[in-house]
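K.L.:
Please find one structure pasted underneath; my questions will follow.
The values are calculated or read from the model by the stated rules, or taken from the named source; none is laboratory data. Quantities reported herein were computed from a predicted structural model and do not represent experimental measurements. Backbone-built Cβ (ideal geometry, glycine too); neighbour counts: all protein chains shown.
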Amino acid sequence: MKEATEQMKEELGPEAIILNTKKISNGKHFNFLGKEMLEVTAAIDDQPVQRPPQAPYQRDDASFNQLLQRAASASVKDSAANEALEGLKNVAEHFEKRTLRTEERNALPLADRTEMHELKAEMEEMKSTLDSIAEHFKYSKMPALPQCLQQAYRTLVQNDVDEQVAADLVQVVYGKLDGPQRDNRQAVETSLLTEIAGLLKTAQPPKEKSKRPRVIVLVGPTGVGKTTTIAKLAAIGKLVQHLNIGLISADTYRVGAIEQLRTFASIADIPMEIVYKPGDMTEALKKFSAKDIIFVDTVGRNQRMKKELSELKRLIQSLDPDEIHLVLSAPTNKRTMFDVIERFGLLKPNRVVLSKVDEAVVLGTMLNIALHTQLPISFVTTGQGVPDDIMLADSEKLARMIYPGIVAHA
């Protein structure tokens with residue numbers, strides 16, 4: 001039917017109308033081998049409706065330009081900005097409504113059709129202008145603030161800090177600085193870094209040895225770097241802190257995971273046990289009863305698989321660990337990150353490890369995580385090197401990563 005309609009318009013013009021359609025055979029008996037065809041009967045009106053060529057796409061250039069000017073200067077007051085933006089939307093809707101349908105455009109003379117294309121291009125340009133103005137308003141929510149503070153807010157949001165958190169931070173800094181300091185970039189950034197650091201909780205390892213081994217387990221989704229992080233922590237514990245370390249691997253699902261950790265354990269001369277089910281954990285812990293720290297590597301789990309998370313929970317309960325570190329990959333997008341945090345809450349983690357911060361474009365997510373979980377950050381990994389590319393969490397260093405986004409290898 002589509003092909004027939006197109007052929008009809010090609011032969012008779014866009015004003016043609018269909019009078020009748022029917023299916024016919026090409027003449028084979030009973031149509032068993034025949035190809036079914038479609039016959040269309042069409043006609044054209046000798047006197048098509050005349051339309052004024054200019055009316056459908058005229059626009060009020062004066063009104064349009066006036067709205068653009070108002071929008072450009074609307075950052076002085078939020079109400080004026082909203083009013084101008086709303087006016088531009090109305091103009092866009094007005095043009096959209098007055099745009100001719102396809103068949104009407106084809107009926108116009110060539111010159112008029114050309115002008116219609118120009119109008120369409122202008123509409124696209126106007127939509128682009130609307131997007132730009134909307135983006136401007138997004139970063140001008142506090143137009144009364146000095147330029148330095150507005151720029152600070154803009155930088156925070158561009159670094160993926162939640163908009164409300166960024167606004168609250170800038171308002172606090174505004175309140176703590178006097179008039180001249182508010183226009184001083186160095187004073188603003190120093191105060192801002194102090195406020196960010198104050199929001200970041202960090203976890204420091206105990207300074208004194210306990211009477212029994214401290215059991216530390218790492219959990220998290222697949223591919224976040226748990227095994228590499230375990231290797232880094234174990235190497236630092238033995239080679240730098242001169243502690244008696246034991247390794248337990250419960251990652252029996254991932255191909256090569258055990259061999260990877262076993263190779264490291266052999267090189268570092270650290271004893272290692274493999275656990276296949278929760279019932280085996282007690283025996284492994286007994287073997288390491290004289291150790292200072294026991295690091296446990298667990299299998300990465302899809303946070304959306306409740307059954308697998310429940311199995312991992314039973315394994316962790318058999319460990320009765322002192323520390324449960326939830327490992328989160330810094331490049332992960334915000335929605336996925338928060339979903340992981342919520343679903344892995346079943347395991348009751350009491351610390352967060354941020355991995356792969358060197359791979360993230362921006363690091364404002366670290367602040368979002370800290371505020372969302374209210375859990376202290378224990379370690380940050382900055383590369384694949386063992387044991388070099390890991391650092392103990394420090395609130396001031398983390399603040400500098402978040403703003404202005406400096407990542408220094410440990």
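K.L.:
Please tell me if residue 222 is hydroxyl-bearing (Ser, Thr, Tyr) and either crowded, with 18+ Cβ neighbours inside 10 Å or modelled with pLDDT of 90 or more (or both).
P.N.:
Details: hydroxyl-bearing (Ser, Thr, Tyr): yes; either crowded, with 18+ Cβ neighbours inside 10 Å or modelled with pLDDT of 90 or more (or both): no.
It is false that residue 222 is hydroxyl-bearing (Ser, Thr, Tyr) and either crowded, with 18+ Cβ neighbours inside 10 Å or modelled with pLDDT of 90 or more (or both).
K.L.:
Still on this model: Name the one entry in 343, 335 that is of a type in the set (Lys, Arg) and in contact (Cβ under 8 Å) with a residue 40 or more places away in the chain.
P.N.:
One residue alone meets the criteria, 343.
K.L.:
Another question about this same structure. I'd like the full set of residues that are assigned to a loop (DSSP other than H, G, I, E, B) and without any contact (Cβ under 8 Å) to a residue 24 or more places away in the chain, limited to the range 290-307.
P.N.:
Result: 305, single match.
K.L.:
So which strands (runs of 3 or more DSSP E) stay within the range 342-410 end to end and still have 3 or more residues that are under 18 Å from residue 220 (Cα atoms) and over 20 Å from the mean Cα position of the chain (by Cα)?
P.N.:
Details: elements: 351-355, 377-381, 390-392.
Result: 377-381.
K.L.:
Filter the range 177-205 down to the residues that are surrounded by 14 or more Cβ atoms within 10 Å (Cβ to Cβ) and of a type in the set (D, E, K, R), then identify the one that is farthest from residue 375 (Cα to Cα).
P.N.:
Across the range 177-205, the extreme among qualifying residues is 182.
K.L.:
Going by the structure shown, is residue 359 closer than 18 Å to residue 225 by Cβ, touching a residue at least 24 places away in the same chain (Cβ under 8 Å) and surrounded by fewer than 22 Cβ atoms within 10 Å (Cβ to Cβ)? Outline the logic, then answer.
P.N.:
On the way: closer than 18 Å to residue 225 by Cβ: yes; touching a residue at least 24 places away in the same chain (Cβ under 8 Å): yes; surrounded by fewer than 22 Cβ atoms within 10 Å (Cβ to Cβ): yes.
Taking the combined requirement at face value, the residue satisfies it.
K.L.:
Kindly provide the set of residues from the range 147-162 that are within 14 Å of residue 196 (Cα to Cα) and either among the small types (Gly, Ala, Ser) or part of a helix (DSSP H, G or I) (or both), ordered by number.
P.N.:
152, 153, 155, 156, 157
K.L.:
Sticking with this one: Out of 233, 326, report the one residue that is surrounded by 15 or more Cβ atoms within 10 Å (Cβ to Cβ) and assigned to a strand (DSSP E or B).
P.N.:
Testing whether each residue is surrounded by 15 or more Cβ atoms within 10 Å (Cβ to Cβ) and assigned to a strand (DSSP E or B) leaves just 326.
K.L.:
Residues in the range 242-261 that are surrounded by fewer than 24 Cβ atoms within 10 Å (Cβ to Cβ) and modelled with pLDDT under 90: how many?
P.N.:
The qualifying residues number 10.
K.L.:
Next up: Under the condition of being under 24 Å from residue 370 (Cβ atoms) and outside any loop (DSSP other than H, G, I, E, B), which residue from the range 314-323 is modelled with the highest pLDDT?
P.N.:
Filtering first and then ranking leaves 323.
K.L.:
Given the criteria without any contact (Cβ under 8 Å) to a residue 40 or more places away in the chain and surrounded by 15 or more Cβ atoms within 10 Å (Cβ to Cβ), does residue 352 qualify?
P.N.:
yes
K.L.:
Test of understanding: among 299, 327, which residue is in contact with a Phe, Trp or Tyr (Cβ under 7 Å, 6 or more places away or on another chain) and within 30 Å of residue 364 (Cα to Cα)?
P.N.:
299
K.L.:
How many residues are at pLDDT 90 or above and of a type in the set (S, T, N, Q) when one looks only at the range 167-180?
P.N.:
0
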